[in-house]
Amino acid sequence: MFKNIINLFFPPVCAGCHSFLMSNENVICTLCRHNIPLTNHHKNPENEAFKKFYGRIPVEYASALLYFHKKGIVQELIHNLKYKGQQEIGTVLGTWYAEDLKDLAIIRSVDEIISVPLHKRKLRERGYNQVANFGNALSKGLNIPYNPNVLIRTIYSKTQSKKNLLGRTEGMLHTFDVNFSEKNHNKHFLLIDDVITTGSTLEACSRALMKIPGAKISIVCMAMAHS
C-alpha cells in the first residue's frame with residue numbers, strides 16, 4: 001500500500017526513455033523493449049563478441065545481450081545503472097538474458113559466475129558494483145552460483161576511454177588478481193561485465209583467472225559497443 005502511495009506522487013518512469021510506466025510494465029517500457037537493439041549472439045556461437053577475443057585469450061563462449069550505440073536506449077540504461085543507482089536495470093537484463101542462455105550446452109557447463117570487480121575505492125565511491133544485480137539474476141535464472149570474491153581489482157585506474165587498444169591493454173596489465181584455493185581448480189567461469197568495448201578489461205580479467213589451474217572462461221555482458 002505504501003508503494004502505491006509513493007507511485008501516486010512519484011510515478012515510475014522508463015529507464016530507457018523516461019516516459020511513465022504502465023501498471024504492467026517494469027523498469028523498461030514496452031516500446032523500449034520493442035525498439036531495443038538485440039544482438040541475438042546466443043543463436044550463433046561464432047558471433048562478433050566471441051571473435052573479438054580471437055588470438056587474445058582462449059574463451060569457450062562469448063556474447064552480449066544488447067548493442068550499445070551512443071545516444072541510444074542502451075546507453076541510457078547503462079548510464080542510469082552505473083551513475084543513477086538504478087540497480088534494478090541489472091536485474092531486468094540478467095533475468096532477460098538468462099532465458100536466452102539457459103538452453104545452451106556450453107552455459108550449462110559453467111561452474112561459477114564471476115563479475116569484473118571494482119577497486120575498493122571505486123566501490124566506496126559508487127556504493128555498488130553495477131554488474132552485481134546482473135550476476136545475481138543470471139545466477140537465479142541459470143541455477144549457477146554467483147561468486148564475486150574470486151577476482152580482485154588491485155589498482156585504482158581512471159577512465160580508459162581516450163586510449164587506443166594497445167594503450168588500454170597495457171594499462172590493464174597487473175590491474176587484476178585472483179583469490180583462489182584448490183576448490184577453484186578446473187572450473188568453468190562465466191565472466192560478466194556491463195559493456196564490451198575494446199575487450200581489454202575482460203582480457204585482463206581472463207588472464208588473471210587463467211592463473212587458476214585448469215580454468216576455463218566464458219564471457220557474457222549486458223551490451224557490446226556497435227558502430
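Condition check: open to solvent by 50 Å² or more (accessible area, probe 1.4 Å), in contact with a helix residue (DSSP H, G or I) (Cβ under 9 Å, 6 or more places away or on another chain) and closer than 29 Å to ARG126 by Cα. Does HIS79 satisfy that?
Working: open to solvent by 50 Å² or more (accessible area, probe 1.4 Å): yes; in contact with a helix residue (DSSP H, G or I) (Cβ under 9 Å, 6 or more places away or on another chain): no; closer than 29 Å to ARG126 by Cα: yes.
No, not satisfied.
What number of residues in the stretch 189-218 are open to solvent by less than 40 Å² (accessible area, probe 1.4 Å) and either among the aromatic types (Phe, Trp, Tyr) or closer than 14 Å to LEU151 by Cα (or both)?
Matching residues across the stretch 189-218 total 16.
Suppose we keep only residues that are open to solvent by less than 20 Å² (accessible area, probe 1.4 Å) and aliphatic (A, V, I, L, M) within the stretch 113-138. Which one would you say is nearest to ASN44 (Cα to Cα)?
Across the stretch 113-138, the extreme among qualifying residues is LEU138.
Could you list, in sequence order, all residues of the stretch 46-69 that are open to solvent by 10 Å² or more (accessible area, probe 1.4 Å) and under 13 Å from ILE36 (Cα atoms)?
Selection gives TYR67, PHE68, HIS69.
Which residues, counting only those in the stretch 139-158, are assigned to a loop (DSSP other than H, G, I, E, B), open to solvent by less than 50 Å² (accessible area, probe 1.4 Å) and of a type in the set (A, V, I, L, M)?
Listed by number, the residues that qualify are ILE144, VAL150.
Among the residues that make up the stretch 181-192, is at least one of them modelled with pLDDT of 90 or more, touching a helix residue (DSSP H, G or I) at 6+ places or on another chain (Cβ under 7 Å) and in a loop (DSSP other than H, G, I, E, B)?
no
Return the residue satisfying two criteria in turn: it lies in the stretch 1-22 and is open to solvent by 90 Å² or more (accessible area, probe 1.4 Å) and either in a loop (DSSP other than H, G, I, E, B) or at pLDDT 65 or above (or both), and of such residues it is farthest from ILE78 (Cα to Cα).
Step by step, filter the stretch 1-22, then rank; the result is MET1.
With the structure loaded, tell me whether VAL110 is among the hydrophobic types (A, V, I, L, M, F, W, C), touching a His at 6+ places or on another chain (Cβ under 6 Å) and open to solvent by less than 20 Å² (accessible area, probe 1.4 Å) or whether it fails that test. Lay out the reasoning, then the answer.
Values: among the hydrophobic types (A, V, I, L, M, F, W, C): yes; touching a His at 6+ places or on another chain (Cβ under 6 Å): yes; open to solvent by less than 20 Å² (accessible area, probe 1.4 Å): yes.
Spelling it out, VAL110 is indeed among the hydrophobic types (A, V, I, L, M, F, W, C), touching a His at 6+ places or on another chain (Cβ under 6 Å) and open to solvent by less than 20 Å² (accessible area, probe 1.4 Å).
What helices (runs of 4 or more DSSP H) completely inside the stretch 23-124 contain at least 3 residues that are hydrophobic (A, V, I, L, M, F, W, C)?
Working: elements: 30-35, 48-52, 73-83, 88-101, 105-108.
The qualifying helices (runs of 4 or more DSSP H) are 73-83, 88-101, 105-108.
The values are calculated or read from the model by the stated rules, or taken from the named source; none is laboratory data. All of these numbers come straight from a predicted model, not from anything done at the bench. All Cβ positions, glycine included, derive from the backbone under ideal geometry; neighbour counts span all protein chains shown. Ligands, DNA and RNA are excluded from the accessible area calculation, which covers all protein heavy atoms including side chains. Shrake-Rupley method; radii C 1.70, N 1.55, O 1.52, S 1.80 Å.
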